[in-house]
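Here the structure is laid out as structure tokens; the discussion comes afterwards.
Bear in mind these aren't lab numbers, they're just calculated from the coordinates by the rules spelled out. Because the structure is predicted, anything quoted here is derived from the model rather than measured. Here Cβ is always computed from backbone atoms with ideal geometry, including for glycine, and neighbour counts include all displayed protein chains.
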Amino acid sequence: MFIIKWREIVGNTRAVMWLKVSFLLGAIIDALVLIPMAVPAAARIFWGFNGFSGIYYFAMGMGACLMLGWTILLLWAYRQPLERRYISLFTAVVVAGFVLMGNLPDKSGLSAISRKYWGSLVLQLILVLLFGYSFFHLGKKAKS
């Protein structure tokens with residue numbers, strides 16, 4: 001169904017290629033993030049989080065459902081990137097929110113961000129830039 005063919009990505013215009021790469025990379029990263037969201041032991045390994053409470057399981061379970069839905073949305077957008085290009089803009093906004101929310105506890109002094117979290121932060125920043133670039137690059141091509 002969602003079989004990825006490299007020729008399918010490269011055979012398009014450069015603007016569409018960037019959009020497809022954004023959707024595909026976003027879907028892969030979202031799918032990987034589901035692991036620590038659903039399995040607390042993996043959250044310790046990936047992010048260095050400890051001391052899970054009942055509220056953690058509830059919040060992460062709800063977030064994992066949304067993450068799975070967004071993964072499917074990105075795969076759906078990958079299939080027709082031009083028609084679904086605004087999903088890249090929405091995704092950039094959502095991921096930027098993750099960046100902001102992920103840094104709030106550190107700024108408020110409630111808890112120190114784990115050093116392991118920095119890898120996730122870098123990936124999130126890359127995704128924001130990639131989705132933003134893809135959307136605006138496509139817009140420039142459409143106007144010319």
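With a/c under 1.5 counting as rounded, go ahead and sort segment 30-78 into rounded, prolate or oblate using the C-alpha gyration tensor (a ≥ b ≥ c being the square roots of the eigenvalues; past the cut-off, prolate if a/b is larger than b/c, else oblate).
Oblate, because a/c is 1.5 or more while a/b does not exceed b/c.
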Paramagnetic label zone (point 7 Å from Cα along Cα-to-C-beta, ALA31; backbone N under 14 Å) in segment 69-93: 69-79
Gained length - MET101 relative to SER53, 0.36 nm times residue gap less alpha-carbon distance: 15.3 nm
Förster radius 41 Å - calculated FRET efficiency between ARG44 and ARG14, Cβ distance, rounded to 0.05: 0.50
Sparse-neighbourhood loop sites, trypsin sites (Lys or Arg not before Pro) in segment 16-81 - DSSP loop, at most 14 other Cβ within 10 angstrom: none
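According to the square roots a ≥ b ≥ c of the eigenvalues of the Cα gyration tensor, what is the shape class of segment 16-55, taking rounded for a/c under 1.5, prolate for a/b larger than b/c otherwise, and oblate for the remainder?
Numbers: a/c = 4.42, a/b = 3.45, b/c = 1.28.
It is prolate, given that a/c is not under 1.5 and a/b is the larger ratio.
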Dipole of segment 10-96 [Lys/Arg +1, Asp/Glu -1 at C-beta], most positive-end residue of THR91, LEU19, TYR57: LEU19
